[in-house]
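Written out below as structure tokens is the structure these notes cover.
All of the numbers you see were taken from the coordinates with simple rules; none came from a lab. Remember, predicted model here, so these are calculated numbers, not experimental data. Note that we place each Cβ from the backbone using ideal geometry, even for glycine, and neighbour counts take in every protein chain shown.
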Amino acid sequence: MSRPIDKNEQLADLIAGAARILIFTGAGISTASGIPDYRGPQGVWKTRRPVYYDEFMRSAEHRAAYWQQKMEDAETWGAAQPNEVHYSIVRLEQADKIEMVVTQNVDGLHAVAGTSGTKLVEIHGTNLLIECQTCLERTDPQPHFVLFRETGEAPLCHCGGFLKTATISFGQNLRTDELARAFEAADTCDLVLALGSTLTVNPAAAIPLYATERGTPYVIVNQGATDHDRLRAVTLRIEADVSAVFPPAVAAALQAAP
């Protein structure tokens, strides 16, 4: 009697056979780095009301509240380091197997781990930079946090514009150029891996599905249900912590690759 097909082995085989992988990541890949899942029981979504973009732009009080939240986040998670999921993705890039890494995360850990900027779309931006909402200049966050601690007032750019992290706030439009890069990669990839995402936030969650319209294999690895679980386009669904499944699958795939 033949033994049942092991899903982890299937994942490794799919990675080994692919040459242009699109990896779509969510908060579940960063929990091993000490950053809570955004929509989990202790996530920001459950425990704190975010400051919306229109509130930020029209009210000094809301801008101060936004900076207070970001300073608390930086103090709590600012020292977070990439984990083996991030580094495994870098190893796939070094093996010339990555078409693009598209992340919903704003923690910047893909970039810190070594994913190239040309291979990375941070669809919701990054906390690792501050951006002026007027002149769009990007700067290091630390001097601005120092100033905020001293004054309690949201810092301003040298041009007079409002400063916020280079992230997409609630109610703020996504960057069309970054969306275009993500969908272009979905149009040319030969494997899609969704890692640690509930796939509930659109239009980002539509990116993997766009690739499947060409018959591209689609794998989801997540601990907990996702909005794509019941779709026929899903080739393989693994219910597990990404950090327990993905790094060994990458190691096995790279060992097996010619």
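What percent do you get for the relative contact order of the chain when only Cα pairs under 8 Å and 6+ apart count? List each step's numbers first, then the result.
Details: 425 pairs, mean separation 67.7, N = 258.
Relative contact order of the chain: 26 percent.
Ordering Leu236, Leu136 from the fewest to the most neighbouring beta carbons within 10 Å gives Leu136, Leu236.
Using just the helices of the chain, give the 222 nm mean residue ellipticity in deg cm²/dmol: DSSP H runs with n ≥ 4 each add -39,500 (n - 2.57), and the total is spread over all residues, rounded to 500.
Details: 10 runs with 99 residues, N = 258.
Only helices count here, giving -11000 deg cm²/dmol.
Going by how many other Cβ atoms sit within 10 Å of their own, how do Cys159, Cys132, Cys189 line up, fewest first? Could the numbers behind the result be given before it?
Values: Cys159 10, Cys132 19, Cys189 24.
Lowest count first: Cys159, Cys132, Cys189.
Which one, Leu174, Ala95, Pro217, is farthest towards the positive end of the dipole of the chain when Lys and Arg carry +1 and Asp and Glu -1 on their Cβ? Checked the options; the winner is Pro217.
Is the shape of the stretch 177-258 best called rounded, prolate or oblate, per the rule: a/c under 1.5 gives rounded, else a/b larger than b/c gives prolate, else oblate, with a ≥ b ≥ c the square roots of the Cα gyration tensor eigenvalues? Mind showing how you got there, number by number?
Details: a/c = 1.74, a/b = 1.22, b/c = 1.42.
Verdict is oblate for the stretch 177-258.
Please give the helix 84-94 orientation as an angle from the longest Cα principal axis of the chain, in degrees from 0 to 90, rounded to the nearest 10. The answer is roughly 70 degrees. Compute the long axis of helix 60-77 from its Cα atoms, compare it with the longest principal axis of the Cα atoms of the chain, and write down the angle in degrees, 0 to 90, nearest 10. Approximately 50 degrees, to the nearest 10.
Here the average projected area of the convex hull drawn through the C-alpha atoms of the stretch 42-158 stands at 8.5 nm². Computed from Cα atoms, the angle from the helix 242-256 axis to the main principal axis of the chain rounds to 50 degrees.
Scan the chain and report its longest stretch carrying no GluC sites (Glu not before Pro) that are both in a DSSP loop and have at most 14 other Cβ atoms within 10 Å. Walk me through the numbers before you get to the answer.
Numbers: sites that count: Glu137, Glu153, Glu213.
Here the longest segment lacking exposed loop sites spans 1-136.
When the trypsin sites (Lys or Arg not before Pro) in the stretch 41-112 are filtered for DSSP coil states and for at most 16 other beta-carbon atoms within 10 Å of their beta-carbon, the remaining sites are Arg48. In terms of overall dimensions, the C-alpha atoms belonging to the stretch 111-214 reach 53, 29, 24 Å along their principal axes, ordered largest to smallest. Between the stretch 226-243 and the stretch 116-192, the alpha-carbon centres lie 29 Å apart. For the chain, the mean projected area of the C-alpha convex hull, equal to one quarter of the hull surface, is 14.7 nm². Here Thr25, Thr235 are placed in order of increasing Cβ neighbour count within 10 Å, fewest first, which gives Thr235, Thr25.
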